Amino acid sequence: MRYISEMDRLNAEVEKQKAAINHSVEEAERLRAEVERRDAMLDVAAALHDRLMDERNKLRAELAEVNAMFKQR
């Protein structure tokens, strides 16, 4: 009888540990998905930044041309 109750206790402990591991795996998967989502957002932000910098450089070049025309007058 003592052997059976010890086995039951050990089985319960194993199930408890399995549940904890499953919870940890689920949390790790959730966190990985969040990191991937944020990484994608950073890629979009970097692409937008590059486009804005290109547009700024074009506008600066146009402004330099306009300034040069006024200086010639």
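The values are calculated or read from the model by the stated rules, or taken from the named source; none is laboratory data. None of the values given here were measured: they were computed from a predicted structure. Quick reminder, even Gly has a Cβ in these numbers, built from the backbone with ideal geometry, and neighbours come from all protein chains shown. The area values use the complete protein model at the heavy-atom level, side chains included, leaving out ligands, DNA and RNA. Shrake-Rupley method; radii C 1.70, N 1.55, O 1.52, S 1.80 Å.
Condition check ((1) modelled with pLDDT of 95 or more; (2) among the hydroxyl-bearing types (Ser, Thr, Tyr); (3) open to solvent by less than 100 Å² (accessible area, probe 1.4 Å); (4) more than 27 Å from the chain's Cα centre (by Cα)) across all residues:
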position: Glu34; (1), (2), (3), (4): yes, no, yes, no
position: Lys58; (1), (2), (3), (4): yes, no, no, yes
position: Val66; (1), (2), (3), (4): yes, no, yes, yes
position: Phe70; (1), (2), (3), (4): no, no, no, yes
position: Arg73; (1), (2), (3), (4): no, no, no, yes
Glu6 - would you say it is out of contact with any helix residue (DSSP H, G or I) (no Cβ under 7 Å at 6 or more places or on another chain), at pLDDT 95 or above and open to solvent by less than 100 Å² (accessible area, probe 1.4 Å)?
no
